[in-house]
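Single-structure report; data block below.
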Amino acid sequence: VSFQRPVFITEGPLDSLFVDNCLAAAGADLILKNKISNEQVTYIFDNEPRNKEIVNRMYKVIEQNYNVVIWPDDIQLKDVNDIIKSGVSINQLKEIISSNTYSKLSAMTKLNYWKKV
């Protein structure tokens, strides 16, 4: 991982293999203090809007001024790995991530509509 470029953080190690410059939190709260500015980090959580723990983690990273991917309603798959297994290319995945990355107030608003808990 290069801290000179934007960094992505996924929940699972398999998910991180499909995203450039990515770390896996492996179920823990991975925070990169003093390594890179918060605005350069994007968290990619699993697509589980009914999972209270994931929703709480998403609120936490938004409150700390990190970027977060909030999956669109038309993607019903659980995570990055499942999206790739469904036939989505790496380039298509990049576009999905890019067009669904939010921060600050827009992230809070989007998360309030996305969550189902």
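For the chain, what is the Kirkwood hydrodynamic radius in Å, using each pair of distinct C-alpha atoms?
14.1 Å
Once every DSSP H run of n ≥ 4 in the chain is given -39500 (n - 2.57) and the sum is divided by its residues, what mean residue ellipticity at 222 nm do you get, rounded to the nearest 500 deg cm²/dmol?
-10000 deg cm²/dmol
Tell me the net charge near VAL117. Cut-off is 12 Å between Cβ atoms, VAL117 excluded, with +1 for each Lys or Arg and -1 for each Asp or Glu.
+2
Given LYS94/LYS115; LYS52/LYS78; LYS78/LYS110; LYS35/LYS60; LYS35/LYS78; LYS35/LYS116, which pairs have Cα atoms separated by over 25 Å?
From the list (LYS94/LYS115; LYS52/LYS78; LYS78/LYS110; LYS35/LYS60; LYS35/LYS78; LYS35/LYS116), the Cα-Cα distance tops 25 Å for LYS35/LYS78; LYS35/LYS116.
Work through the residues other than ARG50 whose Cβ is under 15 Å from its Cβ and net out their charges, Lys, Arg +1 and Asp, Glu -1.
Taking every Cβ under 15 Å from that of ARG50, the sum is 0.
Can you give the accessible area of ILE96, probe radius 1.4 Å, in Å² rounded to 10?
Counting only protein heavy atoms, ILE96 exposes about 40 Å² to solvent.
Which of the listed residues, ALA24, MET108, PHE8, is farthest toward the dipole's positive end in the chain, when Lys, Arg count +1 and Asp, Glu count -1 at the beta-carbon?
MET108
Would you kindly state the longest site-free stretch of the chain, with sites defined as trypsin sites (Lys or Arg not before Pro) in a DSSP loop (not H, G, I, E, B) surrounded by at most 16 other Cβ atoms within 10 Å? Numbers along the way, then the final one.
Values: sites that count: LYS33, LYS35, ARG50, LYS78, LYS116.
Here the longest run is 79-115.
For the chain, which whole-number percentage of the solvent-accessible area (1.4 Å probe, protein heavy atoms only) is attributable to carbon and sulfur atoms?
Using a 1.4 Å probe with all protein chains present, the chain comes out at 50 percent carbon and sulfur.
Once phi is turned into θ = phi - 60°, what whole-Hz ³J(HN,Hα) does the Karplus curve with 6.51, -1.76 and 1.60 give for every residue of region 40-49, x standing for Gly and Pro?
8, 10, 10, 8, 10, 7, 4, 8, 10, x
Report the local net charge at LEU93: Lys and Arg +1, Asp and Glu -1, summed over other residues whose C-beta lies under 13 Å from its C-beta. Can you show the working numbers first?
Working: positive: LYS85, LYS94; negative: ASP15, ASP20, ASP79, ASP82, GLU95.
That works out to -3.
Averaged per residue, what accessible surface does region 70-117 expose to a 1.4 Å probe, in Å²?
Per residue, region 70-117 has 62 Å² of solvent-accessible surface.
Taking 0.36 nm per residue of sequence separation and subtracting the Cα-Cα distance, how much length would be gained by fully extending the chain between GLN4 and SER103, in nm to one decimal?
33.6 nm
Report for the chain the percent antiparallel among DSSP-assigned beta bridges with both residues inside it, nearest 5.
Percentage antiparallel, nearest 5: 20.
Report the extension gain between GLU95 and ASN112 in nm, rounded to one decimal, defined as 0.36 nm multiplied by the number of residues separating them, less their alpha carbon distance.
Details: separation 17, 0.36 × 17 = 6.12 nm, distance 2.27 nm.
Length difference between fully extended and current span is 3.8 nm.
The values are calculated or read from the model by the stated rules, or taken from the named source; none is laboratory data. In this text, all values refer to a predicted model and were calculated from it rather than measured experimentally. Methodologically, a virtual Cβ is constructed for each residue, glycine included, from the backbone with ideal geometry; neighbour enumeration extends over all protein chains shown. With ligands, DNA and RNA removed, areas are computed over all heavy atoms of the protein, side chains included. Shrake-Rupley method; radii C 1.70, N 1.55, O 1.52, S 1.80 Å.
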